[in-house]
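Novice: Structure provided below as structure tokens; questions to follow.
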Amino acid sequence: MNPQEKKKYLPLGTQELKFMLITSLAFGIKGFNHTMFVERSHWYGSPLAEEGTIQEGYELIKNFNLLQEKINLKTLENLSQISLLNYDPYFYLSRVKNQALFPYLNSLIRLTHFGLSQSLRELKYDFQISNLEQAKKLEKRKVLLVPIAEFMDSKAQAFLLEEARNGKILLLYGLLPRY
């Protein structure tokens with residue numbers, strides 16, 4: 001609840017903001033909520049401070065907004081050949097306080113979705129981020145990067161197996177499902 005503490009331990013600079021905007025585009029963002037354009041008492045990192053002064057990231061946000069006004073985000077189609085997949089149960093369980101059952105989930109999520117997506121961006125690979133359940137979004141992808149843990153429902157496993165049978169390259173990292 002204290003933005004000053006967050007700034008101290010989790011700085012949000014222009015590079016981090018740029019990463020979030022690019023990642024949002026990779027996720028297929030179709031619009032922006034401008035209510036957080038001005039900082040409030042319980043959050044930080046907005047382009048304008050509460051008193052109206054310009055903060056770090058203002059120019060980046062301004063240029064990004066100008067860009068999204070010129071292009072229609074709703075008409076954009078991601079043509080990338082690579083997709084980094086989310087499996088929602090991993091995200092949900094990684095946020096549980098008691099990690100006794102699957103203690104590696106936080107690391108798996110952090111190293112793959114944050115680390116791998118940043119590396120792909122830095123290497124200038126065009127990629128998409130989507131959920132495993134969004135099969136339609138994966139039709140044009142040739143390479144699927146899939147973090148996996150010891151558990152995964154049978155429907156998701158069957159889907160991945162079918163994708164491999166259809167000639168897609170699957171890069172699985174983590175532990176093979178036992179449950």
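Novice: What does the convex hull of the Cα atoms of the chain come to per residue, in Å³, rounded to a whole number?
Specialist: In the chain, the Cα hull volume divided by residue count equals 138 Å³.
Novice: Rounded to the nearest 0.05, what FRET efficiency is calculated for residue 168 and residue 70 with R0 set to 41 Å and r the Cβ-Cβ distance? It would help to have the intermediate numbers written out before the result.
Specialist: Values: r = 34 Å, r/R0 = 0.84.
Efficiency for this residue pair is about 0.75.
Novice: Hey, another quick one. Length gain on complete extension for the stretch residue 12 to residue 134, per 0.36 nm per residue less the alpha carbon to alpha carbon distance?
Specialist: Extending this stretch completely gives an extra 40.9 nm.
Novice: Let me ask you something else. Using label points projected 7 Å from each Cα along Cα→Cβ, tell me how many nm separate residue 159 and residue 97, to one decimal.
Specialist: 3.2 nm
Novice: Once amide H atoms are placed 1.01 Å from N in the peptide plane, what residues at a sequence separation of 5 or more from residue 145, or on another chain, have their amide H within under 5 Å of its amide H?
Specialist: 83, 84, 85, 171
Novice: By how many nm would the segment from residue 50 to residue 150 grow when fully extended, if each residue of separation counts as 0.36 nm and the alpha-carbon distance is taken off?
Specialist: Here the segment from residue 50 to residue 150 would lengthen by 31.4 nm.
Novice: What would the Debye formula give as log10 I(q)/I(0) at q = 0.15, 0.16 Å⁻¹ for the alpha-carbon point model of the stretch 119-179, no solvent?
Specialist: Reported log10 I(q)/I(0), two decimals: -0.48, -0.55.
Novice: Among 164, 81, 21, flag the residue with its Cα farthest along the positive direction of the charge dipole of the chain, charges on Cβ as +1 for Lys/Arg and -1 for Asp/Glu.
Specialist: 164
Novice: With a cut-off of 8 Å between alpha carbons and a minimum separation of six or more residues, what is the relative contact order of the chain in percent?
Specialist: Reported as a whole number, the value is 21 percent.
Novice: Taking the Cα-to-Cβ direction at residue 40 and at residue 122 and moving 7 Å from each Cα, how far apart do the two end points lie in nm?
Specialist: With each label placed 7 Å out from Cα toward Cβ, I get 3.5 nm.
Novice: Another question about this same structure. Tell me the mean residue ellipticity at 222 nm calculated for the chain from its helices only (DSSP H runs of n ≥ 4, each -39500 (n - 2.57), averaged over every residue, nearest 500). Each step should come with its number before you reach the end.
Specialist: Details: 7 runs with 64 residues, N = 179.
After summing the helix terms and dividing by the residues of the chain, the value is -10000 deg cm²/dmol.
Novice: A further question follows. If each Cα of the stretch 50-93 is one equal point scatterer, what is log10 of I(q)/I(0) from the Debye formula at q = 0.25, 0.34 Å⁻¹?
Specialist: Result of the Debye calculation: -0.88, -1.13.
Novice: From the phi of every residue in the stretch 53-64, what ³J(HN,Hα) in whole Hz does the Karplus formula 6.51 cos²θ - 1.76 cosθ + 1.60 yield, where θ is phi - 60° and glycine or proline is x?
Specialist: So the J values, rounded to whole Hz, are 6, 6, 10, 4, x, 4, 4, 4, 5, 4, 5, 5.
Novice: Can I ask one more? Which parts of the stretch 116-152 would a label at residue 175 reach, counting a residue when its backbone N lies under 13 Å from a point 7 Å out along Cα-to-Cβ?
Specialist: Answer for the stretch 116-152: 148-152.
We did not get these values from a lab; they are worked out from the coordinates using the rules stated. This one's a predicted model, so the numbers in the text were calculated from it and none came from an experiment. Please note: Cβ atoms are built from the backbone with ideal geometry, for glycine as well, and neighbour counts cover all protein chains shown.
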